[in-house]
Amino acid sequence: MSNTDNHFGYLLHDVARLLRREFDRRIKTLGLTRAQWIALAALLQQDGLTQTELAFMLDMGRAPLGTLIDRLERDGWVERKPDPEDRRANRVYITKKIKPLLSKLSLVSQEVYEAAITELPEHEVERVMGTLSRIKANLMAIDND
């Protein structure tokens, strides 16, 4: 095992990359990219965000997000509506087109997760989740300083 395999950041990044790759492979047939699904998932949590709010939430630039939203709107996944309080802003809303795919996307996500943790005892999975949650909180606290 090389030193990079033991490096925390490298390992964490590589696991996330492999999860993304497997998720992408499995949803390809549904007609959505991972980037599109991530944007839709954010809107499922909080529909009607402005493009600026969505860009911040997804840690994306406004221009690339605008292109992503253009494609989602073209394909009927979302619609833009003017913000009633700010004429310069648009709010983004998911359409009913997503409803039939929700269970499929959820199933794919669960299958990828289960494949990733196969043969791991439940207590180890819980410990990893707890550790990652603490790491996330630590990093968010640094970001807020």
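The values are calculated or read from the model by the stated rules, or taken from the named source; none is laboratory data. Bear in mind the structure is a predicted one, so any value in this text is a computation, not a measurement. Cβ placement follows ideal geometry from the backbone for every residue including glycine, while neighbour counts extend to all protein chains displayed. Heads up: the accessible areas ignore ligands, DNA and RNA and are worked out on the full protein's heavy atoms, side chains in. Shrake-Rupley method; radii C 1.70, N 1.55, O 1.52, S 1.80 Å.
Taking ALA42, ALA116, ALA16 in turn, the Gaussian network model of the chain (Cα-Cα springs below 10 Å) assigns the largest fluctuation to ALA16.
As a fraction of the 1.4 Å probe accessible area of the chain, surface on carbon and sulfur atoms comes out at 54 percent. Under 15 Å of direct C-alpha separation, and excluding same-chain neighbours fewer than eight residues apart, LYS81 reaches these aspartates and glutamates: ASP47, GLU53, ASP70, GLU73.
Accessible surface computed residue by residue for the stretch 62-145, with neighbouring protein chains in place and a 1.4 Å probe, gives 78 Å² per residue.
Expressed in units of 2.2 N^0.38 Å, where N is the residue count, the Cα radius of gyration of the stretch 1-134 is 1.26. Please build a GNM for the chain, connecting alpha carbons under 10 Å apart, and tell me which residue among GLY48, GLY31, GLY76 fluctuates the most. Most flexible of the set in this elastic network: GLY31. Per residue, the chain reaches -22000 deg cm²/dmol at 222 nm when only DSSP H runs of four or more residues are counted, each adding -39500 (n - 2.57). Angle of helix 122-144 to the longest C-alpha principal axis of the chain, folded into 0 to 90 degrees and rounded to 10: 60°.
Quick one: net charge of GLN110's neighbours, Cβ under 13 Å, K/R +1, D/E -1? Taking every other residue near GLN110 into account, the sum is -1. Dimensions of the stretch 49-97 from C-alpha coordinates, computed as largest minus smallest value along each principal axis and given longest first, are 26, 25, 14 Å. In straight-distance terms, cross-link reach from LYS136 covers every one of the aspartates and glutamates whose alpha-carbon lies under 16 Å from its own, apart from those fewer than eight places away in the same chain; here that gives ASP59, GLU126, ASP145. Both radii come from the Cα set of the stretch 16-93: Rg as radius of gyration, Rh as Kirkwood radius; their ratio Rg/Rh reads 1.00. When the chain is treated as a Gaussian network with alpha carbon springs shorter than 10 Å, the biggest mean-square fluctuation among LEU32, LEU54, LEU18 belongs to LEU18.
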